Amino acid sequence: MKQPEVSVGIVTGQEMSFNLTGQYTAKGETVSGEHKVCYKEGGINWNGTLYQELTFNPSQKDNCFSLNDVTIGIDFHWERKETQVFKGILHIIVDEGKLCAINILPVEDYLVSVISSEMSANASLEFLKAHAVISRSWLIAQMKRRKDDDKNHKDNFFSFRKTENSLIRWYDRDDHTLFDVCADDHCQRYQGITRASSPQVITAVKETLGEVLTYNGTICDARFSKCCGGVTELFSTCWEDIDLPYIKGKRDYISNPPLKLPDLTQESAARKWIESSPHSFCNTSNKRILSQILNNYDQETTDFYRWKVEYTQEEISSLINRKLKSDFGEIIDLVPVKRGPSGRLQELQIVGTLKTFTIGKELLIRRALSETHLFSSAFVVDKEYSEESEGTSPRIPSRFILHGAGWGHGVGLCQIGAAVMGERGYKYDEILLHYYDNAKIDKLY
Ligand SMILES: [Zn+2]
Ligand SMILES: [Zn+2]
């Protein structure tokens, strides 16, 4: 197999301007410098002529083009526009009354860019190599899926189950149809060569050239999250009701004999686990390691291995009623219904004075109980009552205290754990095989 090329959707708009540094060919002409295109009557207006699509091919590999006014951080507080610079091909197409700029480039170049912008430059080489393999696996699986979808359309994909008393839904990435991946956080943040790539990342990508994670000859769905909380989670706790043979609930630690794995699907064990701070790779407060994973380390909370969130009755009832768009009245209880092996709640029953309703899966629970989202759904609930409520029925708590563990869905690779492993001298294949059970590293090209 030859190294494939990936198409990345960069920006859409009624018009766009760009600058070609060096020579490019487009529609049989050699061009360079400033250009402007705009949407007109269903086509692309370039220098007064209408086209269905335009491709600007660099004459030399090192040529680059800059695109003006690319919006970055869509829907984040730091959303802004900037000029971005790219290598490879600039492809412009028409999509629903707008233009769409796509960058086509070799997979390995794309990986250097996304891993450089996601990871801190001082991360260990073995950790970066592990990350390169899972990013590549995700990307190539995504590209394959899109090709297959093009051929035999999409299966009907149900992402929720609703009954009178429950809503169990999960959020999986919708695939793109016009390009393989987008440049935003929805897929992986990609800014071309706007910022310098880190030399350590270039080495990590080079040393793992073409390597992906496979199981039985198929590329693994190599998910990862920030911090598992001590035990990794199953796929079905977060997404579709399927379980992947290489994704297991296991303790994030390697020792001989192995540390005991308590049955965290049981309430009493889950409480004991979450209220303690058990030994694991991701149980670290090492500033140097944490700053490798957390881009804005100085601004972020670092107590995510074990965390606590408190609400008054007014806060939690207003939050839940708003988030779930339903009137529960006052909240009487939050009852765990089903937990996965890491202690993460897959289903939670909300008991209100007006309504009792069960929600799932983990992301819906995290969104319902926070203005943004909770660190994770691995939490236990304590309630406090005021003296005045004594003897009333039902007794309404005045406060809810959530004690939680971990950050993110906990499925697959635990980034903090993997960074600690890298620091402790584990090799990238050992890191990968710790988190993806019985998987294999295959070299595609
Ligand atoms: Zn996307
Ligand atoms: Zn972990």
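The values are calculated or read from the model by the stated rules, or taken from the named source; none is laboratory data. Since this is a predicted model, take the numbers as computed values, not measurements. Don't worry about glycine lacking a Cβ; one is built from the backbone with ideal geometry, like all the others, and counts go over all protein chains shown. Accessible surface is based on the protein model in full, side chains and every heavy atom, while ligands, DNA and RNA are left aside. Shrake-Rupley method; radii C 1.70, N 1.55, O 1.52, S 1.80 Å.
Just to verify a result, which residue in the stretch 319-368, among those that are among the acidic types (Asp, Glu) and not in a loop (DSSP other than H, G, I, E, B), is least open to solvent (accessible area, probe 1.4 Å)?
If we filter the stretch 319-368 for residues that are among the acidic types (Asp, Glu), which is where we start, we get 327, 330, 333, 347, 362.
From what is left, the residues that are not in a loop (DSSP other than H, G, I, E, B) are 333, 347, 362.
Numbers: 333: 39, 347: 35, 362: 9 Å².
It comes out as 362.
What are the residue pairs meeting all of these: first residue in the stretch 181-193, first residue at positive phi and at pLDDT 85 or above, second residue more than 8 Å from ligand 1 (Cβ to nearest atom) and in a strand (DSSP E or B), Cβ atoms under 7 Å, and 6 or more apart or on different chains?
192/84; 192/85; 192/86; 192/87; 192/103
Out of 37, 31, 11, 6, report the one residue that is within 16 Å of ligand 1 (Cβ to nearest atom) and out of contact with any Cys (no Cβ under 8 Å at 6 or more places or on another chain). Lay out the reasoning, then the answer.
Working: 37 fails: within 16 Å of ligand 1 (Cβ to nearest atom); 31 fails: within 16 Å of ligand 1 (Cβ to nearest atom); 11 fails: out of contact with any Cys (no Cβ under 8 Å at 6 or more places or on another chain).
Sole residue among the options that is within 16 Å of ligand 1 (Cβ to nearest atom) and out of contact with any Cys (no Cβ under 8 Å at 6 or more places or on another chain): 6.
Being of a type outside the set (Gly, Ala, Ser), farther than 28 Å from residue 281 by Cβ, within 21 Å of the chain's Cα centre (by Cα) and not in a strand (DSSP E or B) is the requirement here; does residue 243 meet it?
When the stated conditions are applied, residue 243 does not pass them.
Here is a list: 287, 272, 308. Which entry is touching a His at 6+ places or on another chain (Cβ under 6 Å) and either open to solvent by 40 Å² or more (accessible area, probe 1.4 Å) or within 14 Å of ligand 2 (Cβ to nearest atom) (or both)?
Details: 287 fails: touching a His at 6+ places or on another chain (Cβ under 6 Å); 272 fails: touching a His at 6+ places or on another chain (Cβ under 6 Å).
After applying the criteria, what remains is 308.
Identify, by number, the condition in (1) touching a Ser or Thr at 6+ places or on another chain (Cβ under 7 Å); (2) within 16 Å of ligand 2 (Cβ to nearest atom); (3) of a type in the set (Val, Ile, Thr); (4) more than 26 Å from residue 374 (Cβ to Cβ) that residue 232 doesn't meet.
Just one mismatch for residue 232, condition (4).
Yes or no: residue 140 away from ligand 2 (no atom under 16 Å from the Cβ), closer than 30 Å to residue 350 by Cβ, open to solvent by less than 20 Å² (accessible area, probe 1.4 Å) and touching a strand residue (DSSP E or B) at 6+ places or on another chain (Cβ under 7 Å)? Walk me through it before giving the result.
Working: away from ligand 2 (no atom under 16 Å from the Cβ): yes; closer than 30 Å to residue 350 by Cβ: no; open to solvent by less than 20 Å² (accessible area, probe 1.4 Å): yes; touching a strand residue (DSSP E or B) at 6+ places or on another chain (Cβ under 7 Å): yes.
So residue 140 does not fit the description; no.
For the stretch 343-401, enumerate the residues that are among the polar types (S, T, N, Q) and more than 24 Å from residue 303 (Cα to Cα).
Once the filter is applied, which keeps residues that are among the polar types (S, T, N, Q) and more than 24 Å from residue 303 (Cα to Cα), the stretch 343-401 yields 349, 353, 356, 358, 386, 389, 392, 393, 398.
Out of everything in the stretch 178-219 that is more than 16 Å from ligand 1 (Cβ to nearest atom) and charged (D, E, K, R), what residue ends up being most open to solvent (accessible area, probe 1.4 Å)?
This residue is 206.
Which residues, counting only those in the stretch 118-128, are open to solvent by 20 Å² or more (accessible area, probe 1.4 Å) and either part of a helix (DSSP H, G or I) or of a type in the set (D, E, K, R) (or both)?
Of everything in the stretch 118-128, those that are open to solvent by 20 Å² or more (accessible area, probe 1.4 Å) and either part of a helix (DSSP H, G or I) or of a type in the set (D, E, K, R) (or both) turn out to be 118, 125, 126.
Out of (1) open to solvent by 10 Å² or more (accessible area, probe 1.4 Å); (2) outside any strand (DSSP E or B); (3) touching a Leu at 6+ places or on another chain (Cβ under 8 Å), the odd one out for residue 391 is which?
In the conditions (1) open to solvent by 10 Å² or more (accessible area, probe 1.4 Å); (2) outside any strand (DSSP E or B); (3) touching a Leu at 6+ places or on another chain (Cβ under 8 Å), residue 391 misses (3) alone.
If we scan the stretch 291-306, do we find a residue that is modelled with pLDDT of 95 or more, part of a strand (DSSP E or B) and at negative phi?
So in the stretch 291-306, the residues modelled with pLDDT of 95 or more come out as 305-306.
Adding the requirement that they be part of a strand (DSSP E or B) leaves 306.
Narrowing the set further to residues that are at negative phi leaves 306.
Yes - at least one qualifying residue is present in the stretch 291-306.
Within the stretch 236-265, which residues are surrounded by fewer than 21 Cβ atoms within 10 Å (Cβ to Cβ), polar (S, T, N, Q) and either within 16 Å of ligand 2 (Cβ to nearest atom) or without any contact (Cβ under 8 Å) to a residue 40 or more places away in the chain (or both)?
The answer is 255, 256.
Of all the residues that make up the stretch 400-445, how many are among the small types (Gly, Ala, Ser) and part of a loop (DSSP other than H, G, I, E, B)?
The number of residues fulfilling the criteria is 6.
Examine the stretch 292-302 for a residue that is of a type outside the set (D, E, K, R) and more than 25 Å from the chain's Cα centre (by Cα), and state whether such a residue exists.
Within the stretch 292-302, the first condition is being of a type outside the set (D, E, K, R), and the residues that meet it are 292-297, 299, 301-302.
Adding the requirement that they be more than 25 Å from the chain's Cα centre (by Cα) leaves none.
No, the stretch 292-302 contains no residue that is of a type outside the set (D, E, K, R) and more than 25 Å from the chain's Cα centre (by Cα).
Within 30 Å of residue 420 (Cβ to Cβ) and surrounded by fewer than 21 Cβ atoms within 10 Å (Cβ to Cβ), is that true of residue 131?
Working: within 30 Å of residue 420 (Cβ to Cβ): yes; surrounded by fewer than 21 Cβ atoms within 10 Å (Cβ to Cβ): no.
Here the answer is no, as residue 131 does not meet what is asked.
Filter the stretch 267-278 down to residues that are in contact (Cβ under 8 Å) with a residue 40 or more places away in the chain and assigned to a loop (DSSP other than H, G, I, E, B) and give me whichever is farthest from ligand 1 (Cβ to nearest atom).
Selected residue: 275.
Select, from 352, 412, the only residue that is in contact (Cβ under 8 Å) with a residue 12 or more places away in the chain and within 16 Å of ligand 2 (Cβ to nearest atom). Give the derivation first.
On the way: 352 fails: within 16 Å of ligand 2 (Cβ to nearest atom).
Just one listed residue meets the conditions, 412.
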